[in-house]
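Encoded as structure tokens, the structure appears first; notes follow it.
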Amino acid sequence: MVAYEFYRLDPTGEYEIIGVLPERRNDSERVTQESIMNWGINFFAKDSMIKNIFFIQVTIDDHTGRISRPIPFSAIQKEIPK
């Protein structure tokens, strides 16, 4: 199963995971970086956090629950317009 891990940059400059959302949409044309980010903001972000969150796409094994992340794991923060 495809899922998205959402992180935020905390005031000390460290990244902190704030939540995971599974992808449930069947229409792949509806899945965009913007739609994923908006979904995460609606679930996890407070107004002060919006510019400091980002996500990575992960795969969750349906049988074991084990999460596979891209190798090498790196994340690029995307600035969200206010």
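Within the stretch 1-31, which residues are among the hydrophobic types (A, V, I, L, M, F, W, C) and either within 17 Å of PRO70 (Cα to Cα) or surrounded by fewer than 10 Cβ atoms within 10 Å (Cβ to Cβ) (or both)?
First, the residues of the stretch 1-31 that are among the hydrophobic types (A, V, I, L, M, F, W, C): 1-3, 6, 9, 17-18, 20-21, 31.
Matches in the stretch 1-31: MET1, VAL2, ALA3, PHE6, ILE17, VAL20, LEU21.
May I ask you to list pairs of residues, at least six apart or on different chains, whose Cβ atoms are under 8 Å apart, with the first in the stretch 2-26 being over 14 Å from ILE60 (Cβ atoms) and the second being part of a loop (DSSP other than H, G, I, E, B) and of a type in the set (Asp, Glu)?
GLU16/ASP10
Mind checking which residues of the stretch 22-56 are of a type in the set (Phe, Trp, Tyr) and outside any helix (DSSP H, G or I)?
PHE54, PHE55
Read-outs: derived from the displayed coordinates by stated rules, not from any lab. All of these numbers come straight from a predicted model, not from anything done at the bench. So basically every Cβ, Gly included, is an ideal-geometry build from the backbone, and we count neighbours across all protein chains shown.
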